[in-house]
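Reviewing the structure listed below.
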Amino acid sequence: EMKLNYMEVPILLNVHIGKQQEGYKPLKLVAGVSIGRLIGYVINVKGNQPYIYPLLDLREIGPELVTTDVNLILGLQANFSENFGLYIRHNSSMTNLYTPSSSDSTLNSLRPYHLTIGFSYVVFSYR
């Protein structure tokens, strides 16, 4: 098991689309980039199998992890009122988290990506 701790700063472009309804637009497209920094990691070995492949020990790749990551972000938010919306976002890394140093073709690079599903609630808004 590998746990990675990142600090991330996103730069997002929000485009509101659709017909105005009671002070809000029903859809929002989100696109942008984020820069992340690996601030720590933990590798836990359970049992006698710390290996991803027979040749790759998880405990040995920790120091070789890339510490700076650049992601592309794409998403969509559906707004149901002026204060409440549901969203889905996909982050895809442009860099490998780990690239094997050997030329062995049985080892793969690790490239992070994640899908986020959530809700937004606006507590305060000024106009």
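The values are calculated or read from the model by the stated rules, or taken from the named source; none is laboratory data. What you see is a predicted model, and the numbers here were worked out from it, not measured in a lab. Please note: Cβ atoms are built from the backbone with ideal geometry, for glycine as well, and neighbour counts cover all protein chains shown. Note: areas computed on protein heavy atoms with side chains; ligands, DNA, RNA excluded. Shrake-Rupley method; radii C 1.70, N 1.55, O 1.52, S 1.80 Å.
Extension gain for Ile39-Met2 works out to 11.9 nm (0.36 nm per residue, less the C-alpha to C-alpha distance). Multiplying the residue separation of Gln20 and Ser120 by 0.36 nm and removing their Cα-Cα distance gives an extension gain of 34.1 nm. When the residues Phe84, Phe124, Phe119 are ordered by accessible surface, computed with a 1.4 Å probe over the protein chains alone, the sequence from largest down reads Phe124, Phe119, Phe84.
Between Ala78 and Val9, the simple spin-label model (points 7 angstrom out along Cα→Cβ) gives 3.5 nm.
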